[in-house]
Amino acid sequence: MIHSLFVINHSGDVFMEKHWRSIIPRTVMDYFFEAQRQVVKDNKGHEDVPCVIATPHHYLISIYHNSLYFVAVCMSEVPPLFVIEFLHTVVDILEKYFSECNESNIKEHYVVVYELLDEVLDNGYPLATEPNILQELIKPPNIIGNLINTVTGKSNVSSVLPSGQLSNVPWRRADVKYTNNEAYFDIVEEVDAIIDKTGSTVFAEIAGKIECCVRLSGTPDLTLSFINPRLMDDVSLHPCVRLKRWENERILSFVPPDGSFCLMTYHVGCQSAVAIPIYIRHNFFLPKENSQSQTGKIEITVGPRQTMGRVVENLQLSIPMPKFVLNCTVTVNQGRATFDPVTKILLWDVGKIDPTKLPNMRGQIHIQSGAVILQSTPSVNVQFTLSQTAISGLKVHRLDMFGENYKPFKGVKYLTKAGNFQIRM
């Protein structure tokens, strides 16, 4: 049971709060701020604040998103993952309404946000969390709607209960009709990996999700089958999916919500099943302490590895340099490289990898005079995308529709991108 929600910005200001059962004073956030200060003291990131903080009378459960903390306050023990999942659902709903969940958008649409929070929880328990049902109940803000509401004094809340709320499939509104019936599925996989300086994989896993855009008339019943469903572990399913059939046959059988939604998320934890699509050859040198030289050297070459015949695109390398580095002067044969003297990050925006001419960066590292040089090598944080391939090898076998007579347009798209992908030098 969730009693209150506090939203905190990166400056530590509580700029929004919502209470469902009883008003809890803001002083309860002192425990959260204390944990936040400890994280800063330990030189950790903002996302390293503990997700669950136990206080004498409350439990503070939080997530960090886009420089904002969403902190739920519970007065009794609850499953923490239930609350964390709810907070992520709130963020997803706000992104559906405002395209981006940030401080300025929330402040600009305070009224709509409070109306949404009134609907998603009832007396501390989740009620209506399906975006397409909420959009039927509370209209997304637009310029004309805001003008009419200002003149007439009305709100965005509909006076009629959404039709889906009264059916046995509350995630789908009734009597949906489309001229063009279509169902498109995007299988998006993120590769999280740590590669050591010899090129061996220390850790690797894949986090995947299936995003859907379904615009079908009536109440269709869909089944989605895969060629190799046993690859997927830790599966999290949308409420519309029939759990028993998935457990017995590994087939997704569901009546879809209307519009865009996430059908399922999954992990591929078997390290041997994770193909690493790129490799890096590197040479990093810093002058020794008490050396007369104040310059070091860096050289990096990037190449494709296991790409399944696809081209690596949107490749970007980010190298956090030690604090005693003054500047980096590098030349590249592809893309653009910049060094930020404030954050000490060397950023190389490569673009596509051409296998016939591998991208290369080389140059000098300038050290502050008199600085204590620590012989440490930075790690390379990598971002990339691979179109039309799922790096795990997951493939859709077929999509069937029952309960309606028309033939819809169907399509499946695959995308692989880097998550927390790190290569040590």
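Please treat every number below as a calculation from the coordinates, not as lab data. On a predicted model such as this, the values are computed, not experimentally measured, just so you know. Here Cβ is always computed from backbone atoms with ideal geometry, including for glycine, and neighbour counts include all displayed protein chains.
Remarks
- Among (i) 25.0; (ii) 25.6; (iii) 22.2, the entry derived from the coordinates for Kirkwood radius over Cα pairs in Å: (i)
- Between Ser99 and Asp233, the modelled labels are 4.0 nm apart [label points 7 Å from Cα along Cα→Cβ].
- For His46 and Ser76, the difference between the fully extended length at 0.36 nm per residue and the C-alpha to C-alpha distance is 8.2 nm.
- Spatial offset of the stretch 249-286 relative to the stretch 1-68 amounts to 31 Å, using the alpha carbon center of each.
- Acute angle (nearest 10 degrees) that the helix 30-41 long axis makes with the longest principal axis of the chain, alpha-carbon atoms: 20 degrees
- Ordering of 258-264, 43-49, 222-228 by packing [mean C-beta count within 10 Å, highest first]: 258-264, 222-228, 43-49
- Rounded to the nearest whole Hz, the Karplus-based 3J(HN,Hα) values (6.51 cos²θ - 1.76 cosθ + 1.60, θ = phi - 60°) of the stretch 208-215 follow the sequence x, 8, 10, 8, 10, 10, 10, 10, with x at glycine and proline.
- Crossing angle, helix 80-98 versus the chain [Cα axis fit, 0-90 degrees, rounded to tens]: 80 degrees
- Between Gln383 and His10, residue separation times 0.36 nm minus the direct Cα-Cα distance comes to 131.8 nm.
- Once the gyration tensor of the Cα atoms in the stretch 1-114 is diagonalised, the equivalent ellipsoid follows with semi-axes of 21, 18, 13 Å, ordered largest first.
- Set of the stretch 380-395 residues, backbone N closer than 17 Å to the point 7 Å along the Cα-Cβ line of Asp349: 382-385
- Contact order, relative form, for the chain: 14 percent (alpha carbon pairs under 8 Å, 6 or more residues apart, mean separation divided by residue count).
- Taking 0.36 nm per residue of sequence separation and removing the Cα-Cα distance, the Asp118/Thr89 pair yields an extension gain of 9.0 nm.
- The label point for Ala174 and the one for Cys262, both projected 7 Å from the Cα toward the Cβ, are 3.1 nm apart.
- For the listed residue pairs Lys96/Lys244; Lys197/Lys297; Lys96/Lys410; Lys357/Lys395; Lys395/Lys417; Lys209/Lys417, the alpha carbons are over 21 angstrom apart in Lys96/Lys244; Lys96/Lys410; Lys357/Lys395.
- Cross-link partners for Lys18 among the lysines, with Cα-Cα distance under 18 Å and sequence neighbours closer than 8 places in the same chain left out: Lys107.
- For the stretch 413-423, putting each phi into the Karplus relation 6.51 cos²θ - 1.76 cosθ + 1.60 with θ = phi - 60° gives couplings of 10, 10, 8, 10, 9, 7, x, 8, 10, 10, 10 Hz, in residue order, rounded to whole numbers and with x for Gly and Pro.
- Over the chain: helical MRE at 222 nm, DSSP H runs n ≥ 4 each giving -39500 (n - 2.57), nearest 500: -5000 deg cm²/dmol
- Normalised alpha carbon radius of gyration of the stretch 297-408 [divisor 2.2 N^0.38 Å]: 1.58
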